[in-house]
1. Residues being surrounded by fewer than 22 Cβ atoms within 10 Å (Cβ to Cβ) and touching a strand residue (DSSP E or B) at 6+ places or on another chain (Cβ under 9 Å): count how many of those fall in segment 11-30.
2. Residue by residue through segment 102-138, note down the ones that are surrounded by 14 or more Cβ atoms within 10 Å (Cβ to Cβ), of a type in the set (D, E, K, R) and more than 24 Å from LEU61 (Cβ to Cβ).
3. When the residues of segment 74-85 are filtered to those that are over 11 Å from ASP38 (Cβ atoms) and not basic (Lys, Arg), which remaining residue is surrounded by the most Cβ atoms within 10 Å (Cβ to Cβ)?
4. Would you point out which residue out of SER73, SER27 is polar (S, T, N, Q) and without any contact (Cβ under 8 Å) to a residue 60 or more places away in the chain?
5. Would you kindly identify the helices (runs of 4 or more DSSP H) lying entirely within segment 1-106 that contain at least 2 residues that are under 15 Å from ILE139 (Cα atoms), basic (Lys, Arg) and modelled with pLDDT of 95 or more?
Amino acid sequence: MIRVLFVCLGNICRSPMAQFVFKQIVSEYGMSDNFEIDSAATESYNEMCHAGIYYGTRNLLNAKRIPFEEHYSRQIRKCDYEYYDYIIAMDNSNIRDIESIVGQDTKHKIFRLLDFTEQPRNIKDPWYTGNFEEAYQDIAEGCQAFLGFLNNSVTKNIRV
């Protein structure tokens, strides 16, 4: 079982979008049983007010016919670092914030989602830009590339 935690600032836009996009992708490949996928925030303010998925993300997931269930924001915890195999951030500031919570990434588990693509970059926060389609396109590209990375890693480990 591969445990993946997607992380963004508030856990109401990008990280839940990545969570459900990645779940859809692994489901299409018949690999759902091989993964545990969740998402979290670097900040606690949405958790304190029990915020759910932002309506812009909900609308986009519905429009793309990507199944999702209710998800309430929660802040990443130090214990998440030990539990998850991969902690996937949406941007550089998320990585800094994650490391301030969980400590130094000594096990090399923390990555930006688009670092797995041919054009590494940050995923812009649609909470501020209003561009949920752009965030979706980046997230879909990153999730496909991340799955490709995982498949290559598994193949390499089998050959050894």
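1. Residues meeting the conditions: 2.
2. Passing the criteria: ASP105, LYS109.
3. My answer is TYR81.
4. Criteria check complete, one pass: SER27.
5. 14-28
Residue-wise test of (1) in contact (Cβ under 8 Å) with a residue 24 or more places away in the chain; (2) not β-branched (Val, Ile, Thr).
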| residue | (1), (2) |
| --- | --- |
| LEU5 | yes, yes |
| PRO16 | yes, yes |
| ASN34 | yes, yes |
| SER44 | yes, yes |
| ILE53 | yes, no |
| ARG58 | no, yes |
| ILE95 | no, no |
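The values are calculated or read from the model by the stated rules, or taken from the named source; none is laboratory data. Note that the coordinates shown come from a computational prediction; the quantities given were computed from them, not determined experimentally. Positions of Cβ are backbone-derived with ideal geometry, glycine not excepted, and every protein chain shown enters the neighbour counts.
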